[in-house]
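Working notes, structure below.
The values are calculated or read from the model by the stated rules, or taken from the named source; none is laboratory data. What you see is a predicted model; the values in this text were computed from it and never measured. Here the Cβ is made from the backbone with ideal geometry for all residues, glycine too, and neighbour counts use every protein chain on show.
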């Protein structure tokens, strides 16, 4: 009985944390879709945790887009360069770890 309670409690915690992430990203997307780029920039600045989490590539892509739309082209380029570097690092790490789903030969046919 105690085990079931722990599982239910854990699942509730997972669901509530996902809703929080969804709400934060939904507010950002809403601001962008309305053209409220100053508000979108504030939401990104407020949610710096994403810059350190598993979504950091998306964070820097969003930041680059918002900065571009605000006319901050140098900041935009810096954010896009960080996103590009993170993507290259992730691809390199996946290949070095031997992840076969991402290896370059995966899509070649035997008939080449």
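The set of residues in segment 57-72 that are part of a loop (DSSP other than H, G, I, E, B) and surrounded by fewer than 16 Cβ atoms within 10 Å (Cβ to Cβ) comprises 70, 71. For residue 54, the test of being surrounded by fewer than 18 Cβ atoms within 10 Å (Cβ to Cβ) and within 13 Å of the chain's Cα centre (by Cα) is passed. Among the residues that make up segment 73-90, is at least one of them surrounded by 12 or more Cβ atoms within 10 Å (Cβ to Cβ), in a helix (DSSP H, G or I), at pLDDT 90 or above and more than 18 Å from the chain's Cα centre (by Cα)? Yes, segment 73-90 has at least one match.
The number of residues in segment 1-34 being touching a helix residue (DSSP H, G or I) at 6+ places or on another chain (Cβ under 8 Å) and modelled with pLDDT of 75 or more comes to 4.
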